[in-house]
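Undergrad: Please see the structure below; I have some questions.
The values are calculated or read from the model by the stated rules, or taken from the named source; none is laboratory data. Note that the structure is a prediction, hence the values are computed from the model and not measured. FYI the Cβ positions are ideal-geometry reconstructions off the backbone, even for glycines, and counts take in every protein chain you see.
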Amino acid sequence: MSRLIYLDNAATTKTAPEVVEAMLPYFTEHYGNPSSIYGFAAANKEVITKQRETIANALGAKTNEIYFTAGGSESDNWALKATAEAYEKKGKHIITSKIEHHAILHTCEYLEKRGYEVTYLNVDENGVVDLEELKAAIRPDTILISVMFANNEIGTIQPIKEIGEIAHEHGILFHTDAVQAFGQVPINVDECHIDMLSASGHKLNGPKGIGFLYIRTGVKIRSFVHGGAQERKRRAGTENVPGIVGIGKATERAISTMKERTAKEIELRDYLIERIENEIPYCRLNGDRKKRLPNNVNFSFRFVEGESLLIMLDMKGICASSGSACTSGSLDPSHVLLAIGLPHEIAHGSLRMTLSEEVSKEDLNYVVDNLKAIVENLRKMSPLYEDFVKKQNK
Ligand SMILES: *Cc1c(COP(=O)(O)O)cnc(C)c1O
């Protein structure tokens, strides 16, 4: 039996069996369109409301502030484009960070082509946004601040509450992409002054193709999909009932297991970090050591090519990633690693391993043992490393 160790949970997660089980009847027995009048189908309306309630409770929000979408990317697009349009009379300036997911960055580029101005905040060497720089970037025509809750590559958690406070002191809307954070860290939208929040089912052991956008009551935001009256006329289209049941169940599960699950993940994460730092020379941990997602490990190894590392790990049955899933396959180094100040050649030798509750310490021992040997072998083939060693021995 060949071994498979899945360490790419920031790219996607396994749908939990109980989530699949909860979804199944909504494909087969309860397939009615929730907008239909007869009871058989209309019952699905209540089922949807129940899921909305579960998610709202998880965030300290109201039930009617949760809007289902087709995932994190759609929620991010909606939050930015529709706010830009609805508030353009107030101004056309948006503030975000340099380390956002492409669903935010590419949407900002789209808006820039349409006459909006975007300020991209720098981050420090651990990937944290500077609050003073944020304050200085605010202008009378700033309509939106969008900063991610936690980064998908290096796991850094932002000072979200402080950012929200600054936004609200200035009467500016605050959106956060919480796709990586939702279900991993406690979030309360009131405490953090969040007006809009994006999340996605498949990053929390739910199904793919379903997500939601939280929109605070009173926020003027335009409809994203025009058509029927679904999602309070803001996002038309027959509801993805099985998906909605799936993300509801996944949320319930993530919230109820959060404490225990993340405690276990943190222990494993720190064990993995410690072994790598102690046993593999010339490496650097990327991301903040403390303000970090419970399951994220990201290292750069000097004199090593990230892609080669991934291929060799794959041959040992280890699934990891060099940056975000969207950038792997391209040869550009990750924008996140460049933003934290890594030179190109070091950013190229980066490895992201994101854990889950299914990973054991024994799995991690197998990973480190193989990683050590692979890094050593790759370095042996590197002329740069050879030069480096020669210089060291002089
Ligand atoms: C995965 C991810 C997204 C995109 O979510 P999808 O549901 O795959 O569209 C957006 N933002 C972050 C931070 C992510 O990790």
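Undergrad: Six or more apart or on different chains, Cβ under 6 Å: which pairs go from a residue in region 247-267 that's farther than 21 Å from Ile48 by Cβ to one that's of a type in the set (S, T, N, Q) and outside any helix (DSSP H, G or I)? Could you list them?
TA: These pairs meet every condition: Glu265/Asn295.
Undergrad: Looking only at region 243-267, which residues are crowded, with 21+ Cβ neighbours inside 10 Å and either in contact with a Ser or Thr (Cβ under 9 Å, 6 or more places away or on another chain) or not small (Gly, Ala, Ser) (or both)?
TA: Ile244, Val245, Gly246, Ile247, Gly248, Lys249, Ala250, Thr251, Glu265 - these are the residues of region 243-267 that are crowded, with 21+ Cβ neighbours inside 10 Å and either in contact with a Ser or Thr (Cβ under 9 Å, 6 or more places away or on another chain) or not small (Gly, Ala, Ser) (or both).
Quick grid of which residues meet (1) of a type in the set (A, V, I, L, M, F, W, C); (2) in a helix (DSSP H, G or I); (3) farther than 17 Å from Gly71 by Cβ:
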position: Thr217; (1), (2), (3): no, no, yes
position: Lys220; (1), (2), (3): no, no, yes
position: Ser223; (1), (2), (3): no, no, yes
position: Gly227; (1), (2), (3): no, no, yes
position: Thr238; (1), (2), (3): no, no, no
position: Pro242; (1), (2), (3): no, yes, no
position: Val245; (1), (2), (3): yes, yes, no
position: Thr251; (1), (2), (3): no, yes, no
position: Thr257; (1), (2), (3): no, yes, yes
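Undergrad: For region 145-157, which positions are part of a loop (DSSP other than H, G, I, E, B) and without any contact (Cβ under 8 Å) to a residue 60 or more places away in the chain?
TA: Selection gives Val147, Met148, Phe149.
Undergrad: I need a count of the residues in region 1-56 that are within 24 Å of the chain's Cα centre (by Cα) and not acidic (Asp, Glu). Reasoning before the result, please.
TA: Let us first name the residues in region 1-56 that are within 24 Å of the chain's Cα centre (by Cα), namely 4-20, 23, 51-56.
After this cut, where a residue has to be not acidic (Asp, Glu) as well, the list is 4-7, 9-17, 19-20, 23, 51-52, 54-56.
Qualifying residue count, region 1-56: 21.
Undergrad: Looking only at residues in region 59-79 that are touching a Ser or Thr at 6+ places or on another chain (Cβ under 7 Å) and within 16 Å of the ligand (Cβ to nearest atom), which one is nearest to Gly237 (Cα to Cα)?
TA: Only one residue fits best here, namely Thr69.
Undergrad: Hey, another quick one. Being part of a loop (DSSP other than H, G, I, E, B), at pLDDT 95 or above, more than 12 Å from the ligand (Cβ to nearest atom) and of a type in the set (A, V, I, L, M) narrows it down to one residue among Val179, Val189; which is it?
TA: On the way: Val179 fails: more than 12 Å from the ligand (Cβ to nearest atom).
Criteria check complete, one pass: Val189.
Undergrad: Right, another one. Of everything in region 53-101 that's among the polar types (S, T, N, Q) and not in a helix (DSSP H, G or I), which residue is surrounded by the fewest Cβ atoms within 10 Å (Cβ to Cβ)? Don't jump to the end; show me each part of the working.
TA: Taking region 53-101 first, the residues among the polar types (S, T, N, Q) are 54, 57, 63-64, 69, 73, 75, 77, 83, 96-97.
Of the ones still in play, those that are also not in a helix (DSSP H, G or I) are 69, 96-97.
Values: Thr69: 27, Thr96: 24, Ser97: 27.
For region 53-101, the residue satisfying everything is Thr96.
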